[in-house]
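Worksheet: one structure, shown below.
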Amino acid sequence: MSTPDKVMARVKDLFFTREFIRYFFSGVAATIVDNIVFKLLSDVLGLGKWYFSILPATVASVVVAYVLNRLWVFRSTDHLLKEFLRFTGTRVAISLFFTYLVYPIMYFGLNITYELFPNLPIAKLIALLFVILGNRLSGKFYVFREEHRRSDEAEKDENRDRSEVTQDIIVDPESTTTIIRSDNNAD
C-alpha cells in the first residue's frame with residue numbers, strides 16, 4: 001500500500017466510521033455542557049473574567065465526555081481508574097491549552113468578538129474546534145487502547161450468541177407424538 005493510500009486509510013479510520021459518528025454525538029453533548037457552564041458562569045462573573053469560567057466548564061465537559069466515550073464510543077473494558085486518569089489528563093491538558101491559547105488570540109488579538117449568544121463569543125467555539133481534533137486523536141490512539149475495546153462485530157457476535165435457539169426434535173417411536181424442545185441461550 002502506497003503512502004497516500006495509507007494516509008487515506010488512516011483518515012477514513014479516524015473520521016468515516018460508526019465509532020466516529022458516536023464520537024461526534026458524544027462530543028456535541030460535551031460541547032453543549034461546556035458552553036452552558038461557561039455561559040452561566042459568564043453571566044454571573046462577566047465575560048471580562050472568562051478565565052474563571054473556562055475551568056469549571058472544561059471539568060464538567062470532560063466528565064460527560066469520559067462517560068460517553070467509555071460506555072458508548074469505544075466501549076472500553078480497560079481498568080477504570082487508569083483509563084480515567086489518562087482521559088482526564090489528556091482532555092484537561094488539551095482543553096486548557098487550546099482554550100487558553102486560541103480563545104485570547106481570537107478574541108483579543110484578532111478582535112473576533114462577535115457573540116453567538118450573549119456572553120458566548122464565537123472565539124470560544126473556534127477554540128473548541130481545536131480541542132475536538134486534539135481530543136479525537138488522543139482518545140483514539142492513547143486513552144482508549146485498541147486491545148481494550150469491544151468492536152461492533154464482537155458485540156454483534158455476543159448478541160447473536162445470546163439469542164441463538166437450539167431445538168431438539170424428539171420422536172417417540174411408540175406414539176405419533178413429536179416433541180420439539182427449544183432451549184434459549186444454549187452453550
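The values are calculated or read from the model by the stated rules, or taken from the named source; none is laboratory data. Remember, it's a predicted structure, so these values are computed and weren't measured experimentally. In this analysis, Cβ positions are derived from the backbone assuming ideal geometry, glycine residues included, and neighbour counts consider all displayed protein chains.
Cβ separations smaller than 8 Å between residues 6+ apart or across chains give the following pairs from region 1-17 residues that are under 23 Å from residue 73 (Cβ atoms) to residues that are surrounded by 10 or more Cβ atoms within 10 Å (Cβ to Cβ): 14/20; 14/136; 14/137; 14/140.
Only one residue in 99, 3, 88 is of a type in the set (Ser, Thr, Tyr) and over 26 Å from residue 123 (Cβ atoms). Which one?
Result: 3 is the single residue among 99, 3, 88 that is of a type in the set (Ser, Thr, Tyr) and over 26 Å from residue 123 (Cβ atoms).
Tallying residues that are without any contact (Cβ under 8 Å) to a residue 24 or more places away in the chain, surrounded by fewer than 19 Cβ atoms within 10 Å (Cβ to Cβ) and out of contact with any strand residue (DSSP E or B) (no Cβ under 7 Å at 6 or more places or on another chain) within region 119-136 yields 2.
All conditions but one from (1) at pLDDT below 85; (2) farther than 19 Å from residue 40 by Cα; (3) not hydrophobic (A, V, I, L, M, F, W, C) apply to residue 119; the one that does not is (2).
Report whether or not residue 163 is among the polar types (S, T, N, Q), under 20 Å from the mean Cα position of the chain (by Cα) and at pLDDT below 85. Here the answer is no, as residue 163 does not meet what is asked. Filter region 20-50 down to residues that are among the small types (Gly, Ala, Ser) and surrounded by 13 or more Cβ atoms within 10 Å (Cβ to Cβ) and give me whichever is nearest to residue 150 (Cα to Cα). Looking at the filtered set, the residue picked out is 26.
For the residues 66, 51, 100, the requirement of being touching a residue at least 12 places away in the same chain (Cβ under 8 Å), within 15 Å of the chain's Cα centre (by Cα) and assigned to a helix (DSSP H, G or I) singles out 66. Is it the case that some residue within region 9-19 is in a helix (DSSP H, G or I), surrounded by 18 or more Cβ atoms within 10 Å (Cβ to Cβ), basic (Lys, Arg) and modelled with pLDDT of 85 or more? Among the residues of region 9-19, not one is in a helix (DSSP H, G or I), surrounded by 18 or more Cβ atoms within 10 Å (Cβ to Cβ), basic (Lys, Arg) and modelled with pLDDT of 85 or more, which makes the answer no.
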